[in-house]
Amino acid sequence: MVLVTGGAGYVGSHAVKSLGEAGHTPVVLDDLSAGHRAAVRGAALIEADVRDTDVVRSILRENRVTAVMHFAGLLSVGESVQHPARYYNLNLGGSLSLLEAMRAEGVRRLVFSSTCAVYGEPVVTPIDEDHPTRPINAYGETKLAVEYALAHYSRAYGLQSIALRYFNAAGADSTGRLGEAHEPELHLIPLVIRAAQNGAPVQVFGADYPTEDGTCERDYVHVTDLADAHVRALGALEGLGEESVSRIYNLGTGRPHSVRAVIGVVERVSGRRVRAVEAARREGDPAVLYASAERIATDLGWRPRYTSLDEVVATAWAWHRKHPGGFDD
């Protein structure tokens, strides 16, 4: 049995689906503050807070959990700058609660959902795992703090962990069952799709960055590829025997796309015009972030199957057309 914290959320629900397809039995822990019941239909869902260590212990014990995928957490860069206490409380506090529950119940395998935000402003691009980690917002800082904890728990308690630093999750399940539905929506591609659907303008935060067209550039990796990487990471941990490890891998395509480029792709895929309005930069946003993911390709054989931004956006557009109001919970 694999416990998936935050498994009713965007990336977590895709990982739950991939786990089932790979022959695992997932059980989902989610407080449904951002997740959706409909996203995990067919899987066991326990509504709980990962910060409640005693409850997490009982879930691990009663379900005979042998491994954990940890997605539960807050993910807005801008919000983390304005409300860092929330991020330290949930992202760091929740992770430490989970680690203590795992230690108490003898569960040693963990795949952790980390982020490229741990790198901060890039010194060189593409960014590999040896790049300096200098986060410039509380979101990145709290994720990095958890990575540090994983290394300590490995040395002291024998934890086997893999942290996956992924770049911008995007797209939707190709079957149309799963997709991205946040409220409020935070991510660029669904915001631009929403603008294409309803004619409202989309804000472009910063048009004076040192990039080709002045807007931020990001590496958009398909959510199904992310889910596949998590399942591969779990398989790698299962093959370790008693060895204690704390590994880190990037997940990305190695191709950056600007905000304006994303808008253009949505227009092309949807056949609709999108109105863009320039706004001030958001505090905590680096100009360029894109990955080198060669390490996980070498170690685990993972490479993104969705290599075109048009392909990624097309799956997102198909899901949003089918679910204009989001999930029906």
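Brief remarks on what is shown
- When I136 is tested against (1) at pLDDT below 95; (2) among the β-branched types (V, I, T); (3) touching a His at 6+ places or on another chain (Cβ under 7 Å), just one condition goes unmet, and that condition is (3).
- Cβ pairs under 7 Å, 6+ apart, first in the stretch 156-173 and of a type in the set (K, R), second in a helix (DSSP H, G or I): R165/C116; R165/V118
- In the set (1) acidic (D, E); (2) in contact (Cβ under 8 Å) with a residue 60 or more places away in the chain; (3) in contact with a helix residue (DSSP H, G or I) (Cβ under 9 Å, 6 or more places away or on another chain), E121 fails one condition alone, (3).
- Residue under evaluation E243, criteria (1) in the same structural domain as E21 (by TED's automatic domain parsing); (2) buried (at least 16 other Cβ atoms within 10 Å of the Cβ), criterion not met: (2)
- The one condition in (1) in contact with an Asp or Glu (Cβ under 8 Å, 6 or more places away or on another chain); (2) part of a strand (DSSP E or B); (3) among the β-branched types (V, I, T) that V27 fails to fulfil: (1)
- V123 vs. criteria assigned by TED's automatic domain parsing to the domain that holds D228, over 18 Å from the mean Cα position of the chain (by Cα) and at pLDDT 95 or above: no
- Taking the listed residues G235, G179, the one that is crowded, with 23+ Cβ neighbours inside 10 Å, within 23 Å of R305 (Cβ to Cβ) and not assigned by TED's automatic domain parsing to the domain that holds E267 is G179, with no other qualifying.
- Residue selection: D225 satisfies the criterion of being modelled with pLDDT of 95 or more, in the same structural domain as T115 (by TED's automatic domain parsing) and of a type in the set (D, E, K, R).
The values are calculated or read from the model by the stated rules, or taken from the named source; none is laboratory data. This one's a predicted model, so the numbers in the text were calculated from it and none came from an experiment. Please note: Cβ atoms are built from the backbone with ideal geometry, for glycine as well, and neighbour counts cover all protein chains shown.
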